[in-house]
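The values are calculated or read from the model by the stated rules, or taken from the named source; none is laboratory data. Keep in mind the model is a prediction, meaning the values are calculated, not measured. A quick note on method: Cβ atoms are made from the backbone with ideal geometry, for glycine too, and the neighbour counts reach across all protein chains shown. Note: areas computed on protein heavy atoms with side chains; ligands, DNA, RNA excluded. Shrake-Rupley method; radii C 1.70, N 1.55, O 1.52, S 1.80 Å.
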Amino acid sequence: RLRDTPGVTVLIYDQQCAAQARRFRKRGELPLRTKRVLINEEVCEGCGDCGRKSNCLSVQPVETEFGRKTRIDQTSCNTDYSCLDGDCPSFVTVVPNSDRAKPSRPRFEPIADRLPEPVRLVGESSNLYLMGIGGTGVVTANQILGTAAVLEGKAVKSLDQTGLSQKGGAVVSHLKIFARPTDVSNKVGLGEADAYIGFDVLTAADARHLTRARPDRTVAVVSSSHVPTGLMVRNTAVDFPPDSALHARIDSVTRARDNLYLDAEALSEFLFGSHLPANLIVVGAAFQKGLIPVAAASVEQAIRLNGSGAEANIQAFRAGRKLVADPAWIGSLGSLEIGDQAPVPTVADPAIADLVGPIGATGELARLVNFRAADLIAYQDRPYAKAYVDFVAGVARREREAGLGTGLSESVARYLYKLMAYKDEYEVARLALDPGFPAAVEDTFGAGARMSYRLYPPMLRAFGLKKKISLGRWFDPAFRLLRAMKRVRGTAFDIFGRDDVRRTERALIGEYRGLIEKELDGLSAATIDRAVKLARLPDLIRGYDHVKMANVARFRAEVSRVLAPAEPAVRQPKVMA
């Protein structure tokens, strides 16, 4: 309406920031929202639709055996429930039983304040440049350090740039500490940073911030944790850049030999069961590196004055210090798994030995086929799994004959399985009933947590249903009935199989096999790269219903593009002088 109104028009949208609402709930100024959201990663297709609907960075991609999936980061979740608007059945809501919920306890004995004094790399004055993600405590860290300096009678100049501090936006804080009052700008200028403290590696590697550093002056302490950007959440084609490239960019403009990188979020989760203290672990590490010209006691006093979670934050600060002072300490506490990579299954079911044995595969190909063949038996039956194994075996044989390794057969093993194990109503029911998921819910929220499925049945959608419905565990018998009905999949009795989406899913299996068979006909060293590229294209096919159909169109368009003959280069006529 405003677009069609002549003249200048203004739309004012006034809503409380979700991150601010979370802070108020933490302080008791707003009622807590007890309902939590979880994603069953087995059911999830990793399509990014929930990220596009919610634009929330608590909806995070995670790599699994079956490719990229999505999970909800519980410690950063603002409980606004907008992710439930996604169009897939992988979401469940959970109401914890607060009386029986598992408390999160640190994995270590409280660290006493008897830590070695750092060797100072800066004098009594220092320029600190801090940067990270909005809503994670960048400004709080700056205020704590500034307060610590003031407590010691030092002069402080500070600037917080929070214009983009909505959740996921970059936040930058400048902090100048002086032994005595000085009439200078509160902004760290180009090449003026003594300490370059990055709470997020992507932000720290941004050229706009690197201009504050100088190779002969600046020491960097950076959290290398992989926190996805909004684009990564929404777009499955965008991956996190390699650590080596990000670190190289930072090292090129700083004192690389003195720099420190640590996965602060993984350390925080390991030590405290939450990522929230991560920034103060980084601050502690920067302090112990000798970059902050104040006493540890002053920093801890400033943390107490800040009020919220003081003791836990002091322990996080000390943990960061101890990690630098005693690098072997973290190893003494147990095994620390860095990153989101899920454990890789090594299933080799003896019951399918006769099925997969003739393929003669070894190494990664054998692992892929073993695991997926066993799952296809559970999905449908042995003949269905045998059809999968036989086709992969044929690809592997042709690849061996051509002396081309196993890259193509491994790709076919992954993506033929993906197409054959399409998630119809029977498969969603089977995966929803997997006992591992309720066990994971209890492990996260404690015994007695009440779980509800969030479903958007196509049948009800056809009658005008506009959003998902909530179904409690009383719906399990219906899921068990659907699971048992897998025998009618693809037959005349398949009441769900007449849907356009289901017909397309079945057609894609033959379409893909035909595509690979054509590539095998002329397989050679000159064509293997194109064959592998085609074999991996089903990774584009993600999601449910209209989301999936849109991605099928993308898949087919990409197939046409890859198969299109290369256009000959046009020779430009020489222009004679």
**Report entry** Total charge dipole magnitude, segment 239-306, about the Cα centre, Cβ charges on Lys, Arg, Asp, Glu only, Debye to nearest 20
**Finding:** 340
Query - Cα long-axis angle, helix 500-521 against the chain (0 to 90 degrees, to the nearest 10) - result: 80
Query raised in the report: In segment 366-478, carbon and sulfur make up what percent of the accessible area (probe 1.4 Å)?
Result: 59
Query raised in the report: At a probe radius of 1.4 Å, what is the per-residue accessible area of residue 502, in Å² to the nearest 10?
Result: 20
Query raised in the report: Add -39500 (n - 2.57) for each DSSP H run of 4 or more in the chain, then divide by its residues: what number comes out at 222 nm, to the nearest 500 deg cm²/dmol?
Result: -12500 deg cm²/dmol
**Report entry** Solvent-accessible surface (1.4 angstrom probe) belonging to residue 136, in square angstrom, nearest 10
**Finding:** 50
Requested in this report: Compare the Cα positions of 508, 252, 331 along the charge dipole of the chain (+1 at Cβ of Lys, Arg; -1 at Cβ of Asp, Glu; about the Cα centre) and return the one farthest towards the positive end.
Outcome: 508
Query raised in the report: With charges set only on the Cβ (+1 for Lys and Arg, -1 for Asp and Glu), what does the dipole of the chain come to about its Cα centre, in debye to the nearest 20?
Result: 1220
**Report entry** Unit Cα scatterers, Debye sum, the chain: log10 I(q)/I(0) for q = 0.09, 0.10, 0.11 Å⁻¹
**Finding:** -0.85, -1.00, -1.13
Requested in this report: Tally the DSSP beta bridges in the chain and give the antiparallel ones as a percent, rounded to 5.
Outcome: 75
Query raised in the report: Taking Rh as the Kirkwood radius computed over C-alpha pairs, what is the Stokes-Einstein D of segment 1-151 at 10 °C in a medium of viscosity 1.306 mPa s, expressed in µm² per second?
Result: 79
Query raised in the report: Say the cut-off is 24 Å between C-alpha atoms; which of 69/322; 418/533; 26/176; 53/548; 69/548; 69/467 go over it?
Result: 69/322; 26/176
Query - Residues of the chain: accessible area per residue with a 1.4 Å probe, Å² - result: 50
Report task. For segment 359-518, give the magnitude of the charge dipole about the Cα centre (Cβ charges: +1 Lys/Arg, -1 Asp/Glu; no others), in debye to the nearest 20. Result -> 460
Query raised in the report: Which of 125, 270, 84 sits farthest toward the positive end of the charge dipole of the chain, with +1 on the Cβ of Lys and Arg and -1 on the Cβ of Asp and Glu?
Result: 84
Report task. Return one number: the angle in degrees, 0 to 90 and rounded to the nearest 10, between the long axis of the Cα atoms of helix 545-563 and the longest principal axis of the Cα atoms of the chain. Result -> 80
Query - Whole-number D in µm²/s for segment 146-235 (Stokes-Einstein; Kirkwood sum over Cα pairs; 4 °C, 1.567 mPa s) - result: 88
Query - Computed over the chain: relative contact order in percent, which uses C-alpha pairs under 8 Å that are six or more apart - result: 15
Report summary line: Carbon plus sulfur, as percent of the 1.4 Å-probe accessible area of segment 1-120, comes to 50
Query raised in the report: Once the Cβ-Cβ distance between residue 180 and residue 4 is put in as r, and R0 is 56 Å, what FRET efficiency do you end up with, to the nearest 0.05?
Result: 0.35
Query - Ranked by how many other beta carbons lie within 10 Å on average, peptides 110-120, 487-497 from highest - result: 487-497, 110-120
Requested in this report: Provide the net charge surrounding residue 140, with neighbours chosen by a C-beta distance below 11 Å and charges set as Lys +1, Arg +1, Asp -1, Glu -1.
Outcome: 0
Report summary line: Honestly segment 397-508 on the Cα gyration tensor test (a ≥ b ≥ c root eigenvalues; a/c under 1.5 rounded, otherwise a/b vs b/c for prolate or oblate) is just oblate
**Report entry** Simple label model, 7 Å out from Cα along Cβ direction - residue 97 to residue 235, nm
**Finding:** 4.6
Requested in this report: Please arrange 65, 152 by accessible surface area, largest first, computed with a 1.4 Å probe and ligands excluded.
Outcome: 152, 65
